[in-house]
Structures are given as structure tokens and as C-alpha cells.
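The values are calculated or read from the model by the stated rules, or taken from the named source; none is laboratory data. Computed from a predicted model, the values in this text were never measured in an experiment. Using ideal geometry, Cβ is built from the backbone for each residue, glycine included, and neighbour counts are taken over all protein chains shown. Just the protein is used for accessible areas: all its heavy atoms, side chains included, with ligands, DNA and RNA removed. Shrake-Rupley method; radii C 1.70, N 1.55, O 1.52, S 1.80 Å.
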Amino acid sequence: MRLVFAGTPEVAVPALDALIASERHEVAAVVTRPDAPAGRGRRLVASPVAQRAEEAGIEVLKPARPRDEDFLARLREIAPDCCPVVAYGALLPRVALDVPARGWVNLHFSLLPAWRGAAPVQHAIMAGDEVTGASTFLIEEGLDSGPVYGVVTEEIRPTDTSGDLLTRLAFAGAGLLAATMDGIEDGTLRAVPQSAEGVSLAPKITVEDARVDWAAPALRVDRVVRGCSPAPGAWTLFRGERLKLRQTALAPDRTGLAPGELAVGRNTVHAGTGSHAVELLWVQPQGRKPMAAADWARGVRIAQGERLGE
């Protein structure tokens, strides 16, 4: 098939690579979000998908909005059979959805209908799911509600961050998306409507969602830290300033600390929760780079009884 691929961040690049490598399909163009400010100089930088497409000599389209008439006119000229999508980052209007004869097919990082929305991997970890996966589905105007072509499953490991899990799903999902294109092209795949049961939503993680509640059980605290890593980053207050928590570990043998109360050992830092303690491994003070929690604790000279979250 003749394809136009839509995607923006690094997590979409493995799928683009898989389609470029396919001997059965032609990636005629790529649609991505416009260049965005990045780095200290805030200079405009092309998206990872745009950079990869340019390396491969593929035409790149960067509409401000996917309903812009210039973009739609060019899309009609290219006349794709199908448009595979991975984390494009903008809603597609009906007028765009109608252009490819076989529709727009999204690779979504959950087992639909679970975790529809922008942050499925983060929500799966924070909810304590043991298994997740990726799904390919035909895009409709509803939120991730279209019929499903195929799925792959992936175990959530006890120490997985959202970054770890998303990296694995990006590569597993790339193979799924390429196989879905093959199945659509040769007529062996049919999209199956999603179940009306088991629907859950995964909206974008807000700053407040990422704030640690030290009165919650240790398991919940650890899940929030892992689910919000690397972005937006779990955080708490210490001496009135924001402290990001980059990595923690459960410490079931360490008890007797009040929620948020800190206990500093020679090379360890523990914080109390609503159950047993968690060990702080990596933290990031406001305006500074991430550092080992033990180094941070030595620098700030924590007094006995001091707490996080106050």
C-alpha cells in the first residue's frame, strides 16, 4: 500500500522504521507536529519523526492544524491507501479521516478498551496493572474507540518506569503495526469492535497527579514515582521547595516512620508512608540536576524528624 505515516515523538520512530523497511509498502510522506522550541536556547527543532523521515528522503508535512486546507490538498494529491499513526499529537478531523481509502490506523499503547487517552502507559503503572500491551485500531472521531485489528501483550515489571515500558512497547508495537498493514493490504485482517465493558480513561498526567501523597501506602508511592518517570516527574515539597523523586524502592523492613518522615543512614535515605517506608534512590532539587539521594541528604543536613511534603 501507499502510506502516509503520522507521528511526532521518539516513541514513534521504531514504527516508522519498520514501515520504511517493509518490502510491501511505500511510505510516501510523513505528517508530524510543527517544529518546537527545545534546549536552553529555545531554538526551533524538528520532531524525532521529522528528522528520521528527512534522513530517509521522505517528504515531511508539518501542518499547524490537520484541517488546514493546504495540508488536506497535498494529502489528496499523495492519495494514500492508508495512514498509520503513532503518537501524532493532534485530533484528526473527519475531512482528513476520509482521504485514505482504508482509513487511518492508530498504534495505541494499551490493551483497548483499557486506558483510552493520552497517557496509557503512565496510568497502567500507577494503577498497578501487571500486564499491558499495544493495539492497532481504525480511527474514528471518538477517543480511541474504533474497532481493533490486533494486539500484543507486555508484562509490567516491578521496577518498570513509564519510560522503560514505553520503550519496549514502541518496538513490539512497531512489528504489530507493520503486520497490521500487511493484513489490511491482503484482506486477511478485519477490525473487531471494542467491548463496551472494561473501558478506562488515561488523560494526560497533570502536575498535581504527580505529587506524592505520603499518607498513601508505600506501593502507591512507588507506582506514582515509576509512572511519572521520566515525565512529568513525581514531586514533593522539602523546606518549601519542590523536590522531584526520580527513583525509589520499596523498603518493607523499614517501619516506624511517620508519613513523609526522613531517616538518613550512612548511604541510605528512607521516607515514611502510610505503610512501610520507601528508600529514596535518586532525587532532583529545584533548579539542579538529578543526584543520588544520599548525596542530597548530606548536602542539606536533614534534621531528625524532618518530613517531605511540608
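Between Arg43 and Arg266, what's the calculated FRET efficiency when r is the beta-carbon distance and R0 is 41 Å? Round to 0.05. Calculated value: 0.35.
A probe of 1.4 angstrom, applied to the heavy atoms of all protein chains, finds Val264 with accessible area near 80 square angstrom. Taking Rg and Dmax of the Cα atoms in Å as the quantity of interest, determine which of [x] 22.3, 70; [y] 24.4, 103; [z] 20.2, 65 was computed from the displayed structure. It is the one labelled [x].
In sequence order, segment 254-266 has phi-based couplings of 9, 10, x, 9, 6, x, x, 5, 9, 10, 10, x, 4 Hz under the Karplus curve 6.51 cos²θ - 1.76 cosθ + 1.60, θ = phi - 60°, and Gly or Pro positions carry x. Summed over qualifying helices (DSSP H, 4 residues or more, each -39500 (n - 2.57)) and divided by its residue number, the chain shows a 222 nm mean residue ellipticity of -7500 deg cm²/dmol.
DSSP bridge analysis restricted to the chain gives an antiparallel fraction near 70%, rounded to the nearest 5. Between Arg211 and Trp235, the built amide H atoms are under 5 Å apart, and every one of these is 5 or more places off in sequence or on another chain.
Close amide-amide hydrogen proximity is noted between Glu306 and Leu262, each under 5 Å apart and 5 or more residues distant or on a separate chain (H modeled in the peptide plane; Pro and chain starts excluded).
Amide H contacts of Ala87: Leu107, each under 5 Å away and 5 or more positions distant or on a separate chain (H built 1.01 Å from N in the peptide plane; Pro and chain starts excluded).
For segment 1-87, what does the alpha-carbon gyration tensor say about shape, rounded, prolate or oblate, given a ≥ b ≥ c as the root eigenvalues, a/c under 1.5 as rounded, and a/b over b/c as prolate? It is oblate, given that a/c is not under 1.5 and a/b is not larger than b/c.
Classify segment 121-252 as rounded, prolate or oblate from the Cα gyration tensor: take a ≥ b ≥ c as the square roots of its eigenvalues, call it rounded if a/c is under 1.5, otherwise prolate when a/b beats b/c and oblate if not. In terms of gyration-tensor shape, prolate.
Segment 103-138 and segment 242-286 have Cα centres separated by 31 Å. Measuring with a 1.4 angstrom probe and ignoring ligands and nucleic acids, Lys62 comes out at about 70 Å² accessible.
The mean accessible area for residues of segment 148-239, using a 1.4 Å probe and ignoring ligands and nucleic acids, is 49 Å² per residue. Taking label points 7 Å from Cα along the Cα-to-Cβ direction, Ala215 and Ala231 give a separation of 3.2 nm.
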